[in-house]
Amino acid sequence: QVQLVESGGGLVQPGDSLRLSCVFSGLAFSIYDMGWYRQAPGKQRELVAAISSGGSTNYADSVSGRFTISRDNAKNTVYLRMHSLKPEDTAAYYCNAGRLRITYWGQGTQVTVSS
């Protein structure tokens, strides 16, 4: 059974940086496609960034150039480094692992950007 545990969220000011981490517990992390999603109050969950098992990445237009997703297969961990944070980045951030038609979610970590 796969478990995902996110960490690194918090309250920051506009322009600050944060790094989110997601630790994958289970077998064969390296063959999973990984992603970070976010959900703000009253809004649908949206894809922020994704990294394939092969290392290819893609980003939402709203974060491209500010956020970087990466993975460390030796540590079973995926990261989301966020720079130049804006109030509109405020949301609960969720880690996702997917392979074929199987998907797993973490419990989320809150990021609040406010002055």
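Residues in segment 24-58 that are of a type in the set (A, V, I, L, M, F, W, C) and closer than 27 Å to K86 by Cβ: 8 in all. Screening R81 on (1) open to solvent by 70 Å² or more (accessible area, probe 1.4 Å); (2) closer than 20 Å to G42 by Cα; (3) touching a residue at least 60 places away in the same chain (Cβ under 8 Å) shows it passes everything except condition (2).
Anything in segment 51-72 that is in contact (Cβ under 8 Å) with a residue 12 or more places away in the chain, assigned to a strand (DSSP E or B) and within 19 Å of S17 (Cα to Cα)? List them, or say none. Lay out the reasoning, then the answer.
Taking segment 51-72 and keeping what is in contact (Cβ under 8 Å) with a residue 12 or more places away in the chain, we get 51-53, 55, 57, 60, 62-63, 66-71.
After this cut, where a residue has to be assigned to a strand (DSSP E or B) as well, the list is 51, 57, 67-71.
Residues satisfying the conditions are F67, T68, I69, S70, R71.
The residue pairs whose first member lies in segment 95-115 and is in contact (Cβ under 8 Å) with a residue 60 or more places away in the chain and open to solvent by less than 100 Å² (accessible area, probe 1.4 Å), whose second member is part of a strand (DSSP E or B) and of a type in the set (K, R), and whose beta carbons are closer than 8 Å, counting only pairs six or more residues apart or on different chains, are V111/R38.
The number of residues in segment 6-45 that are open to solvent by 30 Å² or more (accessible area, probe 1.4 Å), under 13 Å from A92 (Cα atoms) and assigned to a strand (DSSP E or B) comes to 4.
The values are calculated or read from the model by the stated rules, or taken from the named source; none is laboratory data. It should be emphasised that the depicted structure is a prediction, and the values quoted were computed from it without experimental measurement. Note: ideal-geometry Cβ built from the backbone for every residue, glycine included; neighbour counts use all protein chains shown. All accessible areas refer to the heavy atoms of the entire protein, side chains included, with ligands and DNA or RNA removed. Shrake-Rupley method; radii C 1.70, N 1.55, O 1.52, S 1.80 Å.
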